[in-house]
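The values are calculated or read from the model by the stated rules, or taken from the named source; none is laboratory data. What you see is a predicted model; the values in this text were computed from it and never measured. As a convention, Cβ positions derive from the backbone with ideal geometry for all residues, glycine included, and neighbour counts pool all protein chains shown. Areas reflect the complete protein model, heavy atoms only, side chains present, ligands, DNA and RNA absent. Shrake-Rupley method; radii C 1.70, N 1.55, O 1.52, S 1.80 Å.
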Amino acid sequence: MSSKYCGYMGKVMSVNLTTQEIKEYPWTDNERELYLGGKIMAARILCDNFTGEEKPFSEENLIVITTGPLTGTGAPSSSRFNMSALSPQTGFIASSNCGGTFGYYLKKAGYDALVIRGRCAEKTWLDISNDKFTFRSADDLWGTRITPCHEIIKEKLTEERGNNAKFGTMCIGPAGENLVLYSAVLSGERASGRTGIGAVFGWKNLKAITVSGNHTVPVFDEEKTRKWCKKWFGYLKNHPLTGNQLPRLGTAGLVSSMQMRKMLSTKNYNYGQYEDFEKVNGETLAEEYNIVNKGCLTCPIKCARTVRVNGEAVKGPELETLGLLGGGILNSNLQKILDWNNEIDELGMDTISASSTLAYAMEANEKGLWDNGLKFGNIDNISQIWEDIAYRRGIGDELAEGSKRLSEKYGGREFAIQSKGLELAAYEPRRAVGQGLGYAVSNRGGCHLNGGYMVILEGLGLNTDSQTPKAKADFTMMFQDLMETISASGQCLFTSYAFFPGFLITRPNGGITTAANRLIPHLGGVIRVMNRISPAIAMHLPVFHHTKMFRYALGMPMTFGKYLRIGERGYTLDRYVSTKFGVSSKDDSLPKRLTHTPQDPENPKTVVPLEKMKKVYYKARGWDQNGIPTVNTLRRLKITK
Ligand code: SF4
């Protein structure tokens, strides 16, 4: 089934692991216009297949792997692909986004997406080469860590296809095989880390997928696309965030900014500042440990760090890992964080959930709820813990369940720092209450990005009043919708950092920046109207290059308003699918520490006024006060008829 739009390969394949049947999954241009690709397309497929009776570990659970239409067109940072499934961690539908080359090679094989169902009878490696789907034995891969698994696969395919063989790979590690609830899938050194889809692979006996092919991604107007990409690359390279901070320090550069704003999770979110932060911040990482910056395909930002661990050059930690394995457990040993970050990746786990679960366990021990030998500030016995979790040995077997389930068993729900079962990142929301709302309402659980990444307004980009709930719900919705479409088109969310004109960042105390910061809390009504009538915003924004790329590369008409509306549709669609599994307002929650215990005991405002913001948010989204999308909203967004 081909497409009138370029960028798409025009084919989605359904793979049944039980019967080994391969067939085309119907997907039309009308659906491409409504759902684009990536996580929104995956949500539609899950919506059409799930009744609400499915279980995460069951043949009926689907893994939907989707690319975006801009992948392979040369657009900046456009090699991202998405994976969605019913999450074992949250029990709701969840998506996880990954860089690397797999998405690009899936398109080279001739496909926009894979819909995987059933369960393999034996340990399996699925190899896709153009129209040939081969179910290969994974007996010799099972039990391997991530790098050895990639190496064995490379060796075999090189032997079979020659030294010039090019292919994309994804695989799980021992954690996924042993159903650790926060298992990741890794493609090279890039991770589809969050929500536990690695465990779904493990349950399905699917160790790895490889893809290759010789198709060409069609581009609508090559000349205009090339010129626009050149302009866009230049814009990103000259922007203070995407051209300076991220390439220079990576996300690790945010540790110091968060410390300054009391937003750095410390001692399992008891505090927002860590006295030894300079030993574990981005500057120290860059000066003493970083070897080289790396990036995903077609990315000018190159935010990834490479560091040395045991003599090997390996991927360095992101801000979240530095925060949670640094101040989060009162550890100032940066080399240990680098070692652990690599170990967690190699075992195939999500660093955020693994680290935050550890911090919960330390506090449970400190409070006498669970005698587990783990203590804040004592890192002697940590290095072994990661392998114990991945192989479910000793207390590792319990830690493999994540902080929510542990707090239900041992107590301490108020300090299990998670939402919907997914642990929060390192941004302390009591000093960025919009981010707090985002964590709580995020469809995939406590995720800073799916939550709208409001910290960019609340101190890490601009500097609006971070304690006021005013306008936060409306901006949260707009940012969530924008990022939803960026992700669905196959691009990295970091391209949205350049949305704010550079002078607002470089001159934080300038007159215009100060005025903008003061004005933003009063713009709630304006943003709400914009969100509501978005298709009427029939224009392109000069600071937002994404929309014109649709016209040039795909031949698809696009405006800023239409782009926003697609994101809104995607966000509500995700929610709608999860309502089949019972999601409601009660799940849009934060641990009481964040909503009831002021971070500053002298300042009662330093909590997240969640319920107040949720009411405005639901109304803005057209969801009822129980957090359920109304019939009218579903029709307005063309999700239902
Ligand atoms: S900004 Fe970083 S994560 Fe995003 S595409 Fe570039 S290198 Fe990959």
Exercise. Based on the Kirkwood radius over alpha-carbon pairs, what value in µm²/s does the Stokes-Einstein equation return for the translational diffusion coefficient of segment 365-487 at 10 °C and 1.306 mPa s?
Worked result: 98
Exercise. Here are some pairs, K39/K580; K166/K237; K39/K638; K224/K562; which of them have Cα atoms lying more than 24 Å apart in this structure?
Worked result: K166/K237
Problem set entry | Charge dipole magnitude, Cβ of K and R +1, D and E -1 - the chain, Cα centre, debye nearest 20 | 2500
For this session: Provide the descending list of Cα extents for segment 431-476 along its principal axes, expressed in whole angstroms.
Result: 27, 18, 16
Exercise. Between segment 353-379 and segment 17-33, what is the C-alpha centre distance in whole Å?
Worked result: 46
Exercise. Between N378 and E283, 0.36 nm times their residue separation minus their Cα-Cα distance comes to what?
Worked result: 31.8 nm
Seminar exercise, completed: Expressed to one decimal in nm², the mean projection of the alpha carbon convex hull of segment 518-598 is 8.9
Seminar exercise, completed: Mean 1/r over distinct Cα pairs of segment 53-143, inverted to a Kirkwood Rh in Å, yields 14.7
For this session: Evaluate Rg over Rh across segment 133-253, taking Cα atoms for both radii and Kirkwood's formula for Rh.
Result: 1.10
Seminar exercise, completed: Rounded to the nearest 500, the 222 nm mean residue ellipticity computed for the chain from DSSP H runs (n ≥ 4, each -39500 (n - 2.57)) alone is -10500 deg cm²/dmol
Problem set entry | Long-range tail of P(r) for segment 12-212 (Cα pairs > 26 Å, %) | 25
For this session: Determine the distance separating the Cα centre of segment 321-341 from the Cα centre of segment 585-641; give it in Å without decimals.
Result: 32
For this session: Whole Å is fine, so just give me how far the alpha carbon centre of segment 197-242 lies from that of segment 304-318.
Result: 23
Problem set entry | Over segment 551-609: Kirkwood hydrodynamic radius from C-alpha pairwise inverse distances, Å | 15.2
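List the longest stretch of the chain that has no exposed loop site; here a site is one of the GluC sites (Glu not before Pro) assigned by DSSP to anything other than H, G, I, E or B, with at most 12 other Cβ within 10 Å.
276-601
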Seminar exercise, completed: Taking N as the residue count of the chain, its alpha carbon Rg divided by 2.2 N^0.38 Å gives 0.89
For this session: Quick one: order F220, F135 from most to least accessible surface, probe 1.4 Å.
Result: F220, F135
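Considering only protein heavy atoms, with the full assembly of protein chains and a 1.4 angstrom probe, order M41, M9 by accessible area, largest first.
Result, largest first: M9, M41.
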Problem set entry | Inter-label distance for E611 and L297, nm, one decimal - labels placed 7 Å from Cα along Cα-to-Cβ | 5.0
Exercise. Taking the Cα atoms of segment 432-636, what is the range of coordinates along each of the three principal axes, in descending order and whole Å?
Worked result: 56, 49, 27
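Rounded to two decimals, what ratio of Rg to Rh does segment 1-66 give with C-alpha atoms and a Kirkwood Rh?
Rg divided by Rh gives 0.99.
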Exercise. So if we plug the beta-carbon distance of K409 and T306 into 1/(1 + (r/R0)^6) with R0 = 41 Å, what FRET efficiency do we get, rounded to 0.05?
Worked result: 0.55
Problem set entry | Flagged links, alpha-carbon separation over 25 Å, of K107/K294; K375/K605; K267/K592 | K375/K605
For this session: Treat each spin label as a single point 7 Å out from the Cα along the C-beta direction, and report the N509 to N16 distance in nm.
Result: 6.8
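Excluding ligands, DNA and RNA, what is the solvent-accessible area per residue of segment 12-212 at a probe of 1.4 Å, expressed in Å²?
30
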Exercise. So, how do all the Cα-to-Cα distances of segment 250-423 break down into 10 Å bins, in percent, from 0 on up?
Worked result: 11, 39, 36, 13, 2, 0
